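Working notes for the structure below.
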Amino acid sequence: KKLYKKNALNPDRVQQLNSIGFIWDLHEFSYEHSWMRMYQELKTFQNKHKHIILPKHVTAIEPLREWLEVQRYQYKLYMGMSRGSRIKGDDRFTEERIHILEKIPNFLWQESWTVPLWEKCFEELIEYKETFGNCNVPVP
């Protein structure tokens, strides 16, 4: 690893090690693994609840909510939309990550309810009331 970091390792040996999945940077690997785990948690939450509005009063999802807040902040930095836009964002936040997150149905870059999402949920509530005669939607 030392030779690799110094760019002094024979390229054939680098290729051999890469071919067997050798991990050059454990910190980076851990970060990527962590990011994908949280992404999968967000997808699971969305599949179950049909939205990604993470309530602040639910402590069980606090790590997920905090992770999502960081992603939204990194997005703002990436797009130059933050007041602190002179602050350099995380280089690991890429266009690819933006596309991956945006594949989640109803994904929102802003934290709060938007008018289109509110209207969609309201329409679903109307349908529920027409079907069941009340607005007492069961909470899982």
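The values are calculated or read from the model by the stated rules, or taken from the named source; none is laboratory data. Since we're looking at a predicted model, the values are computed, not measured. Areas reflect the complete protein model, heavy atoms only, side chains present, ligands, DNA and RNA absent. Shrake-Rupley method; radii C 1.70, N 1.55, O 1.52, S 1.80 Å.
Quick notes on this structure:
- Segment LYS120-ARG72, extension gain: residue separation times 0.36 nm, minus the distance between their alpha carbons: 15.0 nm
- Residue separation of GLU102 and GLN40 scaled by 0.36 nm, minus their Cα-Cα distance, works out to 21.0 nm of gained length.
- The gain in end-to-end length when the GLU95 to THR59 segment is fully stretched comes to 9.9 nm, 0.36 nm per residue minus the alpha carbon separation.
- Annotation: ARG65 carries an accessible surface of approximately 30 Å², with a 1.4 Å probe and no ligand, DNA or RNA atoms counted.
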